[in-house]
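Take a look at the structure set out below.
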Amino acid sequence: MKDIMNMNVKKLAFGAAVVFFTNFTVAQTVQDGINSIDSDKYAQAKTNFTNMIASAPTAENYFYLGNTYLKQSEPDYAAATDSFNKGLAADGKSYLNKLGLATVKLGKGDKGAIAEIQKIVTDSKEKDAEVLFRAAEALTLFEKNNSPDLAIQYLNKAIERAEKKGVPAHYYYTLGDAYRLKRMPGDAMSAYDKALPLAKNKASVYTRIGTLWMAAQQWQQAKTSIDKAIATDPSYAPAYKALAAYDIRYQQNAKATQDLINYTKYADEDPYTQLEIAKLYFTNEDYANSKQVLDKIFDKINDPIKFKLRAYQLYADGKYAEAKQNMDSFVSQADKSRVQPADQGLQGLIAAGLAKTETDAAKKTALTTEAQQKIAIAKAAKDETLKWDMELVKIAGGGASQADIDAGPTNPTIEGLKQKVAANAQDSDSLFKLATAYQDAKNWNGAIATWQKMNALLPDWAPGYYSLGYSYQQAGNNDAAKMAYEKFISTVKPAEQEANKQTLAYAYFAVAYMSKDSDVAKAKDYVAKSVQLDPTYQDAVKLNAEINK
């Protein structure tokens, strides 16, 4: 699953053509179709361009239809290629359709397509602003395969060519997208600011500005811009998708669900748009709605991406064998370039889930090794689709239901804090007090669930992982306790080590003690570190002597 916070540029890029037809009605229809793309109404855009082709099967019309398939959240390369080839059959010299075919190659991971795009632009003599724009757009569409420097060069030339007749707003939109890829937010904002007075639908610009603020983690400015977008055009679907990302960031799940309902209302029933909605529901941990949407469109989509999303859903439900079947289907059918580090990480988590119940010792070891190796790939890529270490802790620890938590000890303090957390899920102070109150009452299921929420809210705050480990240990789940303690150890920053010396000493000791019968080498290493941190810690000194006889 992709980081919704950074919002893939291909989902934001707004392509609009400036083609001067003699027939004014046709020109309006082109713009209508492009406006539909910008509003995430891909089915409407496809219908629009298909009707145009029926009336006038020109190379340009075939290009616009093909480009629609590339702009949707999951590109349909086969349909796009078919349309571009038909465009070239109508006009063998069509630079736009040649660019379309090169864009397909780039989207599939062929970096040689960049040189191909350069050659097409050179062959066009760089006279046509539209060809320059579409070349630049192609070079900004794909998060993993792009060339923002070259895109910026072409866009500046396109802007120069278009100045006499007026620079279209979308030239500046795409310039902003290119600067985003280069991680130059100031230049991106300047480009969006230039687009604002030119844009007919200013909601489109405000949404881009909002997501740019989100990428910079300037949340209040982001919310202000997104609110402006919705106030400007309450029916502009992408603004609600951006607002959902904002609310998911603050764990406002109920608000995010309403945002997604609005997004669904104002987007359209195109299966690939619905697939995007299913992904967003999953990111919001709204697995029931995610499954409902995916079930509705599963047989309408040929793209193997559907198997990956179903695998995530099944993994979330703890159905590891079925999740593995779906991931195997995705990996076997998808182009290798589409298998991301996050996918390997998910395969690792599924393997860890299968290992938990595997009774054959050799198979259990093999699954555990696979889990470690594949999760390491995701972590090495710094992928944050899931919190890998904490997912392992959850697998090892299982999950207490709310009924289990409610059946445990409670008191007026706990009940009052539960109400505060229910009213504001991002209230870290109340979460901390609630988790501590559960611990004091020895309601370990409640403590575990609350520390997990705390760690999700503040992933860099090391003490939360220590407390989670302690709660698991008291609940008798040593496997989960070990993982939580190790996460605590790895999260403590060097500058914080002195202040956390005694806690670190206990964490190292606890992992050593729980590992002494299964991994003696690790136990020796960890208990030595415990003694080094606190030579007066008698339990560690004693264990160190015992395992080094």
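The values are calculated or read from the model by the stated rules, or taken from the named source; none is laboratory data. Only a predicted model underlies this, so the values are computations on that prediction, with no experimental measurement involved. Counting neighbours? That spans all protein chains shown, and the Cβs are built from the backbone with ideal geometry, glycine included. Just so you know, the surface numbers come from the protein's heavy atoms only, side chains and all, with ligands and any DNA or RNA stripped out. Shrake-Rupley method; radii C 1.70, N 1.55, O 1.52, S 1.80 Å.
VAL19 passes all but one of (1) modelled with pLDDT of 90 or more; (2) part of a loop (DSSP other than H, G, I, E, B); which number fails?
VAL19 satisfies every listed condition except (1).
Tell me the residue from TYR312, TYR287, TYR266, TYR250 that is aromatic (Phe, Trp, Tyr) and within 25 Å of ASP38 (Cβ to Cβ), please. Working first, answer last.
Working: TYR312 fails: within 25 Å of ASP38 (Cβ to Cβ); TYR287 fails: within 25 Å of ASP38 (Cβ to Cβ); TYR250 fails: within 25 Å of ASP38 (Cβ to Cβ).
Answer to the check: TYR266.
What's the number of the condition THR81 fails, among (1) among the polar types (S, T, N, Q); (2) under 19 Å from ARG338 (Cβ atoms); (3) out of contact with any helix residue (DSSP H, G or I) (no Cβ under 8 Å at 6 or more places or on another chain)?
(3)
Just give me the residues in region 402-420 being open to solvent by less than 50 Å² (accessible area, probe 1.4 Å) and within 26 Å of MET483 (Cα to Cα), in sequence order.
ILE405, GLY408, listed by residue number.
Pull up region 471-484, narrow it to residues that are open to solvent by less than 70 Å² (accessible area, probe 1.4 Å) and in contact with a Phe, Trp or Tyr (Cβ under 7 Å, 6 or more places away or on another chain), then point me to the one that is farthest from GLN532 (Cα to Cα).
ALA475
Please indicate, with yes or no, whether at least one residue in region 490-497 is open to solvent by less than 40 Å² (accessible area, probe 1.4 Å), under 30 Å from ALA437 (Cβ atoms) and part of a helix (DSSP H, G or I).
Let us first name the residues in region 490-497 that are open to solvent by less than 40 Å² (accessible area, probe 1.4 Å), namely 491-492.
Cutting the leftovers down to under 30 Å from ALA437 (Cβ atoms) gives us 491-492.
Filter once more, so that each one left must be part of a helix (DSSP H, G or I): 491.
The answer is yes; a qualifying residue exists.
Could you go through region 304-327 and let me know if any residue there is of a type in the set (D, E, K, R) and in contact (Cβ under 8 Å) with a residue 60 or more places away in the chain. Talk me through it step by step, then tell me what you get.
So the first thing to find is which residues in region 304-327 are of a type in the set (D, E, K, R), and the list is 306, 308, 310, 317, 319, 322, 324.
Keeping just the survivors that are in contact (Cβ under 8 Å) with a residue 60 or more places away in the chain gives none.
There is no residue in region 304-327 that is of a type in the set (D, E, K, R) and in contact (Cβ under 8 Å) with a residue 60 or more places away in the chain.
Within region 169-189, restricting attention to residues that are open to solvent by 60 Å² or more (accessible area, probe 1.4 Å) and part of a helix (DSSP H, G or I), which residue is farthest from ALA239 (Cα to Cα)? Give the steps one after another, and end with the answer.
Step one: filter region 169-189 for residues open to solvent by 60 Å² or more (accessible area, probe 1.4 Å), giving 182-185, 187.
If we keep only those that are part of a helix (DSSP H, G or I) as well, we get 185, 187.
On the way: PRO185: 20, ASP187: 22 Å.
Once the filter is applied, the top-ranked residue is ASP187.
Scan region 439-459 for residues that are closer than 17 Å to ASN477 by Cα and without any contact (Cβ under 8 Å) to a residue 60 or more places away in the chain and jot them down.
Of all residues in region 439-459, those closer than 17 Å to ASN477 by Cα come to 439, 442-452.
Hits for region 439-459 are GLN439, LYS442, ASN443, TRP444, ASN445, GLY446, ALA447, ILE448, ALA449, THR450, TRP451.
What are the residues in region 502-525 that are open to solvent by 30 Å² or more (accessible area, probe 1.4 Å) and not basic (Lys, Arg), if any?
GLN502, THR503, TYR506, TYR508, TYR513, MET514, ASP517, SER518, ASP519, VAL520, ALA521, ASP525 - these are the residues of region 502-525 that are open to solvent by 30 Å² or more (accessible area, probe 1.4 Å) and not basic (Lys, Arg).
Picking from ASP227, ASP295, which residue would you name as being part of a helix (DSSP H, G or I), at pLDDT 90 or above, within 23 Å of ASP76 (Cβ to Cβ) and open to solvent by 20 Å² or more (accessible area, probe 1.4 Å)?
Values: ASP227 fails: within 23 Å of ASP76 (Cβ to Cβ).
Answer to the selection: ASP295.
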